[in-house]
Each structure stands twice: as C-alpha cells, then as structure tokens.
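The values are calculated or read from the model by the stated rules, or taken from the named source; none is laboratory data. Since the model is a prediction, treat every value here as computed from it, not as a measurement. Counting neighbours? That spans all protein chains shown, and the Cβs are built from the backbone with ideal geometry, glycine included.
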Amino acid sequence: MAAVEVRSLTRVYKGRRGAPSVKALDGIDLDIEEGSTQGLLGPNGAGKTTLVKILSTVLLPTAGSARVLGFDLIADTKKVRRLIGIVLGGDRGLYLRLTGRQNLRYWASLYGVSDRDARIRSERLLKRVGLEDRGDEPVDRYSRGMKQRLHLARGLVGDPRLLFLDEPTIGMDPIAAHEFRTLVTELRIEGRTILLTTHDMAEAEAVCDRVALIDNGRLLAVESPRTLASWVSRYERIDAGGVPDDLLVAVRQIRGVTTVGRAPDGSTRIGLGEEGAGARVLQLLVAGGVTSIRTSLPTLEEVYLELMKERGFRV
C-alpha cells in the first residue's frame, strides 16, 4: 500500500488588499511507498512546506485529493492525525521554558498516552536522541542541534507510521546535521515512512530512497538518488588554460556544449549537457595543442538549476 497518494493537489493563497493570488501548489501528483524515505527538494518558496501542511492536516487544499495510509485526508482527518508525526525546523513546536522531559510528556498527553506510558516513552526517546542527561534542563538552554534532536523525539512520541521532517537540519552545524541524518536512517530501517523537505541536495541524496524536485509549486521530476548522480555526470564541465579564440569558436559548435566562458585569469570553462560531449571537446582541445585541461563535476544544486531551466521553471 502506498503511504501517501496525492492527485492534482492545488493550493492557492488569496492576495490581501487587492494583491494577486499565489498558487503555492499547482496540480501535484505524488506517490510515496510505505516504509520509504521520500525527499522533497526545492528552493525556498517552492511549495515544500505547503505540501507538508496539507498532508499533515494543518492546511486544506484548494483542489485535488490526497490519501494518507489509506485514509482520505479530508474525510478521515482524525484517523490520519493518529498515524503521523511532524518535525519542524527552528524553535517552532517547543516550549522553551519547559524542560525536555516536560515537553515530551506534554506532547504525549495530546496523543492520549497515559501518564505511565508517557514517562516510559519520554525516557526512551531522550536516550535515543542523546539527551537523557539534559532532559531536566529548560529547552531555551539547548543548542540548535539539541533542539532539533528534541524535535525528532517529539515527532516520535505518538509512535507514528508516517513522519514529516520539514527542513529538520536547517541552521545545524555539519556534525549535528550528520548525527540527525543517522537517526533518520535508523527510523527508515524500522519501517517508518518519512517525507523529508530540504533545499540541501547532499542531504536528500544521503537519506532518501527517492527525491522529488519541486519549484514554483510544480514537480520537476521524481527520481532515485542514483539517477540524480547520473544527471551530475551528464553535466560534466571542462576547465582549460591557454585556449585560443579560434579554437573556442570550434568548441561552441560541438553538440552537447551548453556554455563557454572566460574567467578573469584567462582560463576557459566549458559546460556540457550531453553524454559523450566531454570526449569530443577533449579530443578537439588536445588536437589544438591545449595542454592545461581539467574535468570536474558540478554540484547537485547546479544540476538542479540546469534542469529547471530546461523545463521552463523559474530560477
């Protein structure tokens, strides 16, 4: 069974005081397999958080439909809420004057968990996220990484089958982000379904089974991390020094060459967008007497931007 089924989902925010309406989601279709980790990747304002709010029953769609773990999002809202957990970025959802333990016990009570079970779950979760020795401290003394780990514990206090992680590592230092991703991987191994929103290509590649690229409220593609890696290879680039102008003219004519630019130091960067183009360019440069040549791969973020341009998305 698919954990999430989304069909033609649309959300329009009406403008205030005569301002134009904004279409945050534009006919989204998405399936998420149960027990998988689905990444939702896009820049700020792409529609990621709006989709999470709708799927977590916080926001109503303007049009379209969605089913979560077999239940209709609108008709079976209460049933959906019992099966999901939400982890937000920043301080949202935490009570800073309460201790970590008090936060978890409070949220457990909202899920209808008994006092005894709430204490047991809170201790287990604090240990799991590495906060058992800091559980009696007010949350406003926690570092950003500690708050995010407490967020994860809070999201798990209701023992959800589906977990929404909305930009969970934003503002974290690299070590804290790595530890958080390790916890996410453990949750996937347990069989939980996870929807992770992020604008970090590396994060999506590290923990996700599939990645949906979204921009301007529309899905660009839904692919595996392996496919994303193949896209990186497709957009290989070549840096060369001492390339004469007449040779650059010939390079621009090669099929698969997307960009040719001069750097301030006189070197040339040649962008590629087709498999096999690199070999053709290298052969021409070597035949033209160029000896300073280096190939490199773009970042996943650069590939993402190129794909948006190809499909007419705004950048």
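General remarks:
- Among the residues of region 132-157, just one is crowded, with 21+ Cβ neighbours inside 10 Å, out of contact with any helix residue (DSSP H, G or I) (no Cβ under 6 Å at 6 or more places or on another chain) and small (G, A, S), namely G155.
- Against the numbered list (1) assigned to a strand (DSSP E or B); (2) among the β-branched types (V, I, T); (3) within 30 Å of I28 (Cα to Cα), I170 comes up short only at (1).
- Looking only at region 262-271, residues that are in contact with a Ser or Thr (Cβ under 9 Å, 6 or more places away or on another chain), outside any loop (DSSP other than H, G, I, E, B) and closer than 15 Å to T295 by Cα come to 3 in all.
- A residue that is over 24 Å from T49 (Cα atoms) and among the small types (G, A, S) cannot be found anywhere in region 155-163.
- Residue match in region 210-228 (condition: more than 23 Å from D26 (Cβ to Cβ), loosely packed, with under 15 Cβ neighbours inside 10 Å and either modelled with pLDDT of 80 or more or among the hydroxyl-bearing types (S, T, Y) (or both)): yes
- Test: residue in region 117-131 that is surrounded by fewer than 21 Cβ atoms within 10 Å (Cβ to Cβ), among the charged types (D, E, K, R) and within 21 Å of T197 (Cβ to Cβ): no
- Residue check for L94: part of a loop (DSSP other than H, G, I, E, B), surrounded by 14 or more Cβ atoms within 10 Å (Cβ to Cβ) and in the same structural domain as K14 (by TED's automatic domain parsing): yes
- Matching residues in region 155-167 - criterion: being charged (D, E, K, R) and either within 16 Å of R92 (Cα to Cα) or part of a helix (DSSP H, G or I) (or both): D166, E167
- Members of region 120-150 found to be among the basic types (K, R), more than 23 Å from the chain's Cα centre (by Cα) and assigned to a helix (DSSP H, G or I), listed by number: R121, R124, K127, R128, R141
- Looking only at region 248-277, and only at residues there that are farther than 29 Å from T227 by Cα and either loosely packed, with under 10 Cβ neighbours inside 10 Å or not β-branched (V, I, T) (or both), the one that is farthest from the chain's Cα centre (by Cα): A250
- Scanning region 13-59 for residues that are without any contact (Cβ under 8 Å) to a residue 60 or more places away in the chain and touching a helix residue (DSSP H, G or I) at 6+ places or on another chain (Cβ under 7 Å) yields T57, L59.
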